[in-house]
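Below is one structure, written out as structure tokens; the observations come after it.
Bear in mind that the values in this text are calculations on the coordinates, not laboratory data. Just so we're clear, the structure is a prediction, and the values are computed from it rather than from any experiment. Note: ideal-geometry Cβ built from the backbone for every residue, glycine included; neighbour counts use all protein chains shown.
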Ligand SMILES: Nc1ncnc2c1ncn2[C@@H]1O[C@H](COP(=O)(O)OP(=O)(O)OP(=O)(O)O)[C@@H](O)[C@H]1O
């Protein structure tokens, strides 16, 4: 008996993305396996968000190919879940938490019949329960805290049971407890459902225990490998084309010399390895 190997969750071959004559990255080959967690790092403007937008089908590649679960990238693909950056929502927004989560199922699979509506509501309820948002699911989203809103965004991204979860700095402006909560929710889904995760971040320390590989983009150059392979003084100096030092300080990675020295965030708890990452913003 032969067992079929599942298609990679994400597959890029010779991928190039340019806006006009500005190339963000080119020659990018990347296969992300189901259940793999890839952190996407790099300074401002290196094309991290553009990579996610391309995978969402919002921005076309200039060259090469991109597939999600074996099919070419396209807009509105139910195999893709997306957690955007944390932005506070307008207090007057006439949208309840469960409506926000419901947006994650409307549009593709569910019809308007009563049965479908019941199924849809059950799926939305399950997603709300999974992120522990039952007590505020009926409140207007604008009245909720940043952490509560972000948990609902996680529920919205997961409600369609996507094969790939694209996360754009989902921990930004969350306190440590909520960073833990949100990264734990993402990780539980990854482990339980084999969902692949592409996680854009400026700060690897809070997620380092979860990271299988790192894609580090700097000014058109990139490296892909495990955190231990990529987060070294040698590799980062080559990427930044200047002397960069990676220090291991009390279980955290501290990167010095990329341009400025903003300590973006504090560490977030238990680390699996003896290194963590504090990244300077370039
Ligand atoms: N639609 C667009 N048209 C032209 N240029 C764009 C467009 N979208 C983004 N850019 C430019 O491409 C570059 C990369 O942007 P992108 O948002 O992907 O970077 P990033 O690595 O996510 O940055 P940050 O860390 O600041 O979020 C930036 O210089 C940006 O101004």
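A few comments on the model shown:
- Relative frequency of Cα-Cα separations exceeding 24 Å in segment 81-228, percent: 34 percent
- The tail of the calculated P(r) for segment 93-154 beyond 14 Å holds 53 percent of all Cα-Cα pairs.
- Fewest-first ranking of 87, 48, using other Cβ atoms within 10 Å as the exposure measure: 87, 48
- Using alpha-carbon coordinates, inclination of helix 114-130 to the longest axis of the chain, degrees: 40 degrees
- Overall form of segment 47-88 per C-alpha gyration tensor (a/c, 1.5; a/b vs b/c): oblate
- Calculated over the chain: convex hull of Cα atoms, volume per residue (Å³): 154 Å³
- Springs between Cα atoms under 10 Å define the GNM used for the chain, and in it the highest mean-square fluctuation of 160, 47, 76 occurs at 76.
- Rounded to the nearest 10 degrees, the angle from helix 176-193 to the longest Cα principal axis of the chain is 80 degrees.
- The chain - mean residue ellipticity at 222 nm from DSSP helices (-39,500 (n - 2.57) per run, n ≥ 4, rounded to 500): -8000 deg cm²/dmol
- Likely footprinting exposure, 231, 54, fewest C-beta neighbours within 10 Å first: 54, 231
- In segment 14-86, the ratio of gyration radius to Kirkwood radius, Rg to Rh, stands at 0.93 when only Cα atoms are counted.
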